[in-house]
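The values are calculated or read from the model by the stated rules, or taken from the named source; none is laboratory data. Because the structure is predicted, anything quoted here is derived from the model rather than measured. Neighbour counts run over all protein chains shown; Cβ positions are idealised from the backbone, glycine included. Areas reflect the complete protein model, heavy atoms only, side chains present, ligands, DNA and RNA absent. Shrake-Rupley method; radii C 1.70, N 1.55, O 1.52, S 1.80 Å.
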Amino acid sequence: MMGGHHAATGAAAWVAVTASTPIAFGWYEGVTNTGVIAGALVCAGAALLPDADHHSGTIANSLSPVSDVVVKGIETVSGGHRKGTHSILGVAVFTAIAWGLSLLSIDTGNEEIGSILIGPGIMCVLLVAFALKALKITRDTKLLPWTTSITLAVLIAVFAPEEWFWMPFSVALGCVVHILGDLITTAGVPLLWPLKFRSPGWMRDGRGIELDMIWKYGGNLSLPILGDAGSVREWIVLIPVSLYAIVGVVWALLDEMGYDTMSVWNQIVAVFPG
Ligand SMILES: [Zn+2]
């Protein structure tokens, strides 16, 4: 799946899981409108994390020079592209790091301000820069990703610091959504990495049932309903997914601004009988 599409699925998943509007499930409770809006961008960035495993990828220079160093490190540890970061173990490691960083805070010594959670702030800066790059909002500039992502992180830290509780969950959700996105393309993903189970020969020799599309010789698993990455099918599926994310974020924004979003929704629903 393409970078921008991963970002869109991350944002859509965040809206679906955290928003309490009738178009969402609201499974993960306690996220305010601010959290739905900011989290959509953070989760879009988290949904790009698994692809931080190769230095020539979209996000490698999204927040230079920091992102370049992070990507180089992840590439080395994970064994290269579509290896460790695209596995169950990869999700667990990313989530554990996010959880660890979420505890990182500095005490200001000021009673009113208390301590500032800098760990989630740092993650927010990096992940938002990933998302902005993949969504082509920041392209050939070096300064804009820094100013935009730092501004957002500071705004949350100052106005809604309680929001950070969802940071590890957002990272986990983004990574899972990314892996699912790649799972439904032909190349598939090595879910059980570093374990590698090659598919048995009879699946590939053309005599038995042709299952090698699903279980590859190299051990990758795939349910290739989208075909190759970047296929026309992928684009078609991503239009409603992106629209859903946009509607969810705009809804949270209007709600936060005091608009009576529910009565508008009820009017729209009333148009459709049944
Ligand atoms: Zn990937």
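When A96 is tested against (1) more than 30 Å from D255 (Cβ to Cβ); (2) in contact with a helix residue (DSSP H, G or I) (Cβ under 6 Å, 6 or more places away or on another chain); (3) away from the ligand (no atom under 16 Å from the Cβ); (4) not aromatic (F, W, Y), exactly one condition is not met: (2).
Let's see how each residue does on (1) within 30 Å of E112 (Cβ to Cβ); (2) surrounded by fewer than 20 Cβ atoms within 10 Å (Cβ to Cβ); (3) modelled with pLDDT under 90; (4) away from the ligand (no atom under 16 Å from the Cβ):
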| residue | (1), (2), (3), (4) |
| --- | --- |
| F169 | yes, no, no, yes |
| V176 | no, yes, no, no |
| S199 | no, yes, yes, yes |
| L243 | no, yes, no, yes |
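Count of the stretch 1-48 residues, restricted to those that are free of Cβ contacts under 8 Å to residues at least 60 places away in the same chain and either within 16 Å of the ligand (Cβ to nearest atom) or not aromatic (F, W, Y) (or both), is 3. Within the stretch 176-191, the set of residues being assigned to a helix (DSSP H, G or I), touching a strand residue (DSSP E or B) at 6+ places or on another chain (Cβ under 7 Å) and of a type in the set (V, I, T) comprises just one member, I179. Taking (1) part of a helix (DSSP H, G or I); (2) more than 16 Å from the ligand (Cβ to nearest atom); (3) out of contact with any helix residue (DSSP H, G or I) (no Cβ under 8 Å at 6 or more places or on another chain) in turn, E112 satisfies each apart from (1). Taken over the stretch 81-130, the criterion of being closer than 21 Å to G4 by Cα and either of a type in the set (K, R) or surrounded by fewer than 21 Cβ atoms within 10 Å (Cβ to Cβ) (or both) is satisfied by H81, R82, K83.
Checking each residue in the stretch 1-27 for being under 14 Å from the mean Cα position of the chain (by Cα) and outside any helix (DSSP H, G or I) picks out M1, M2.
Is it the case that V71 is modelled with pLDDT under 95, under 30 Å from K196 (Cβ atoms), open to solvent by 60 Å² or more (accessible area, probe 1.4 Å) and in a helix (DSSP H, G or I)? Taking the combined requirement at face value, the residue does not satisfy it.
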